[in-house]
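J.: I'd like to ask you about the structure that follows.
Every number here is computed from the coordinates shown, using simple stated rules; none is lab data. In this text the structure is predicted, and so the values were computed from the model without any measurement. Cβ atoms come from the backbone with ideal geometry, glycine included; neighbour counts cover every protein chain shown.
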Protein chains: 2
Amino acid sequence: MDEFDFIDKLQPKRIFQPNVVVGIGDDAAVYKPSRHKNQVVCVDTMVEGVHFLKHASTPEEIGYKALAVNISDIAAMGAIPRYYLVSIAIPSNWAEQDLLELYHGMYELADEYEMDLIGGDTVSTADKLVVTVTVIGEVEAHVQTLRSKAKEHDVVFVTGSIGDSSAGLAILLSQLAVDNKAHKEYLINRHKRPTPRVRAGQIIATLDRASLNDISDGLASELHEIVEASQLGITFNEADIPISEALSELKKSNDITKWFLYGGEDFELVGTTSAESWDKLKMACDEQSIKITKIGSVTSSHSSVQLVKENLEMIFLEKSGYNHFKG
Amino acid sequence: MDEFDFIDKLQPKRIFQPNVVVGIGDDAAVYKPSRHKNQVVCVDTMVEGVHFLKHASTPEEIGYKALAVNISDIAAMGAIPRYYLVSIAIPSNWAEQDLLELYHGMYELADEYEMDLIGGDTVSTADKLVVTVTVIGEVEAHVQTLRSKAKEHDVVFVTGSIGDSSAGLAILLSQLAVDNKAHKEYLINRHKRPTPRVRAGQIIATLDRASLNDISDGLASELHEIVEASQLGITFNEADIPISEALSELKKSNDITKWFLYGGEDFELVGTTSAESWDKLKMACDEQSIKITKIGSVTSSHSSVQLVKENLEMIFLEKSGYNHFKG
């Protein structure tokens, strides 16, 4: 495989963003930032054997997810994803066809958001595939949906449903058997093809003030990040946590707490805003059929995350969620 | 090692760029682009065992170089580096102290250019360390020092001296013995701590027109990229190629051609501009004590790179230079 030929094959067929001045093919890409907007940038790396298993996911699924997790970070800033760069370290047991499919998984998602691939790097490695995606987005200059923006008495909310992704991972790792075929596929799909909540992030960005995180490391961990950054506390109710039908069914014979509290990679959004803004947010989301749920409130109790169990027992949650790094 | 603690330790002590709105610590970084400027972005990955050997380089040298190679790409666009993000996949045999030193190698260079670390990702991996750096720079909106900008009769120029880096690598790989201690250290240093030519790139950006590349894959390969993108040819003279004193000394008992033609990672700039602009460029570089040398000219001979040897023999050069990808 020749690097130059391979890069030619990856060349996107069209450019979505009129602001791309120089795309792939020179030393660096050039784009013209819009006036009155801030740029938002993030990077995430996925490693074979740590974040995905080659035999358990198709290359297309791996590519899709590598881009999706970055778009999710952009969504959590209330921003719109615009451009991305992909750097990939390739072991010899990955065929060119596998790599092209991996990029096609990214193109599928990039097309949906009209994002342009504007650069990257391909290098060889001895052992495991490593794919690093950088995403650049745009946000109105006044918007700041930061972790530090929570205030006492804020409503705590989450989008979508929580815990599906790690239940799906448990199925893939043969740690969980699910008889219902549709539920099984649903949970695996939630793990492999998470939907970044860009539209929800856009609505949240219109509020006067909101704190916001995407759920990559588990709900408990993300709530801890908000209370630590805001120097406040959060109390939330187990009974209010939005759970999918598939996870509800599993609840009869499994302890699903580990999935919805500590299971990472849901890539839903979790945040806080004032009671008045919550009413607006809920209405705007309902109008666009975006699921969003109130699960608790912000307290003055410094840096504590408290869960009110269904039996009304109250427990303090540790931060330790999904932490690849400790792996 | 805990990811959150580790990221705290990496937190830069100060922010250089007033345009950083949100740095490390949230889902993504936010910065305010300047008006009338374009943003320039590039990404490069370095893999242990492929781009560096852990026993042959200090972590500080590895970090320095990982950032330097990206700054070099920004320089080749005539841009000024402003922000960077670092994503790192860490095997268990890398101690936290090693990693901190690796980041310090980057900080040293970032301080020199007043660049801000605004984000990144740390993940674990099974085998080899992989470090991916994204750099974002700024360039005046009218500047485009692209590969495709060469014109017939242009002067072909290079900065600094060529071939040192791969001679230094040959020493590190015990393929080359150099008795002169100062020369040996010089060559190794050129390989481990390349100097990105940002100031030279800035001067070139003031010219009416220039094509420009940084020499990452070897002079022959970079010249081929220019002629392919510009659909022209280049003829250059072996006698004019700037060679360091150390490499000149080696010439007595070695064939140094492989180093200056095909040896990569010099991270000098190579480009073309009109004869009138060349005079201005040479004068401006002389004023700032920046070494820049005319080595040839652009011809109408489509996509050919021709070397006039010192014995006046003419040979056509293949593109194949330094290509990590081919392993």
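J.: Once the piece of chain linking B:SER301 and B:GLU108 is laid out straight, how much longer is it, given 0.36 nm per residue of separation minus the C-alpha distance between them?
T.: 65.0 nm
J.: Let me ask something else about it. Check each of the trypsin sites (Lys or Arg not before Pro) in the stretch A:22-72 and keep only those in coil by DSSP with at most 11 other C-beta atoms within 10 angstrom; list them in order.
T.: Sites meeting the loop and neighbour criteria: A:ARG35.
J.: Another question about this same structure. Is the C-alpha gyration tensor of the stretch B:219-284 telling us rounded, prolate or oblate? Criteria: a/c under 1.5 is rounded; beyond that, a/b larger than b/c is prolate, otherwise oblate.
T.: oblate
J.: Take every residue in peptide A:129-140, count the Cβ atoms of other chains within 10 Å of its Cβ, and give the average of those counts.
T.: 5
J.: Given a 10 angstrom Cα cut-off, can you work out which residue in B:SER248, B:SER274, B:SER303 is the most mobile in a GNM of chain B?
T.: B:SER248
J.: Still on this structure: Per-residue Cβ counts within 10 Å, from other chains only, averaged over B:75-83: what number is that?
T.: Shielding by partners across B:75-83 averages 2.
J.: Share of antiparallel DSSP beta bridges in the stretch B:59-199, in percent to the nearest 5?
T.: 55
J.: Let me ask you something else. Give the shape of the stretch A:200-245 as rounded, prolate or oblate, defined through the alpha-carbon gyration tensor: a ≥ b ≥ c are the square roots of its eigenvalues, a/c under 1.5 means rounded, and otherwise the shape is prolate if a/b is larger than b/c and oblate if not.
T.: Oblate is the answer for the stretch A:200-245, as a/c is 1.5 or above yet b/c matches or exceeds a/b.
J.: Just how far, in whole angstrom, is the stretch A:73-101 from the stretch B:267-300 if you go by their alpha carbon centroids?
T.: Centre-to-centre distance over Cα atoms comes out at 37 Å.
J.: I would also like to ask the following. Suppose only helical runs count, i.e. DSSP H with n ≥ 4. What mean residue ellipticity at 222 nm does that imply for the protein assembly as shown under -39500 (n - 2.57) per run, divided by all residues and rounded to the nearest 500 deg cm²/dmol?
T.: Roughly -10000 deg cm²/dmol at 222 nm, from the helical runs in the protein assembly as shown.
J.: What nm value, rounded to one decimal, do you get for the distance between A:ASN189 and A:GLN17 when each label is placed 7 Å out toward the C-beta?
T.: 3.0
J.: Within a 10 angstrom radius of each residue's Cβ in A:87-99, how many Cβ atoms of other chains show up on average? Whole number is fine.
T.: 2
J.: Run the label-point distances for B:ALA126 please: 7 Å along Cα to Cβ, every other copy, nanometres, shortest first.
T.: For B:ALA126, the other copies' label points sit at 1.3 nm, shortest first.
J.: How far is A:LEU172 from the same spot in each other copy, in nm, shortest first, if each label point sits 7 Å from Cα toward Cβ?
T.: 3.6
J.: Reachable lysines from A:LYS309, Cα under 19 Å, same-chain residues fewer than 8 places away excluded?
T.: A:LYS251, A:LYS252, A:LYS258, A:LYS294, A:LYS319
J.: Hey, what D do you get for the stretch A:147-326 in µm²/s if you plug the Kirkwood alpha-carbon radius into Stokes-Einstein at 37 °C and 0.692 mPa s?
T.: Once the numbers are plugged in, D ends up at 201 µm²/s.
J.: Label position 7 Å from Cα toward Cβ: report the copy-to-copy distances for A:ARG14 in nm, one decimal, ordered from shortest.
T.: Inter-copy label distances (nm, one decimal, shortest first): 4.9.
J.: Assuming a ≥ b ≥ c are the square roots of the Cα gyration tensor eigenvalues, decide whether chain B counts as rounded (a/c under 1.5), prolate (otherwise, with a/b larger than b/c) or oblate.
T.: oblate
J.: Can I ask one more? Gaussian network model of chain B, Cα springs within a sub-10 Å range: biggest mean-square fluctuation belongs to which of B:LYS309, B:LYS282, B:LYS149?
T.: The residue with the greatest mean-square fluctuation here is B:LYS309.
J.: Relative contact order, percent, of chain A when contacts are C-alpha pairs under 8 Å separated by at least 6 residues?
T.: Across chain A, relative contact order equals 22 percent.
J.: Sticking with this one: How high is the relative contact order of the stretch B:3-140? Use alpha-carbon pairs under 8 Å, at least six apart in sequence, and give a whole percent.
T.: Dividing the mean separation by the residue count of the stretch B:3-140 yields 38 percent.
J.: Taking chain A as a Gaussian network, where each spring joins two C-alpha atoms under 10 Å apart, which residue of A:ASP279, A:ASP116, A:ASP217 fluctuates the most?
T.: With Cα springs under 10 Å in chain A, the top fluctuation among A:ASP279, A:ASP116, A:ASP217 is at A:ASP279.
J.: In nanometres, what is the gap between the two model label sites at A:ALA239 and A:GLN97, each 7 Å from Cα along Cα-to-Cβ?
T.: Taking the simple label geometry, A:ALA239 and A:GLN97 are separated by 5.6 nm.
J.: Over the stretch B:147-326, what is the mean sequence separation of C-alpha contacts under 8 Å (at least six apart), divided by residue count, expressed as relative contact order in percent?
T.: Result for the stretch B:147-326 is 40 percent.
J.: Which residues make up the longest stretch of chain B clear of GluC sites (Glu not before Pro) that lie in a DSSP loop with no more than 15 other Cβ atoms within 10 Å, not counting the sites?
T.: Here the longest segment lacking exposed loop sites spans B:153-309.
J.: Provide the FRET efficiency to the nearest 0.05 for the B:SER253-A:ALA126 pair, computing r from the beta carbons and using R0 = 30 Å.
T.: 0.30
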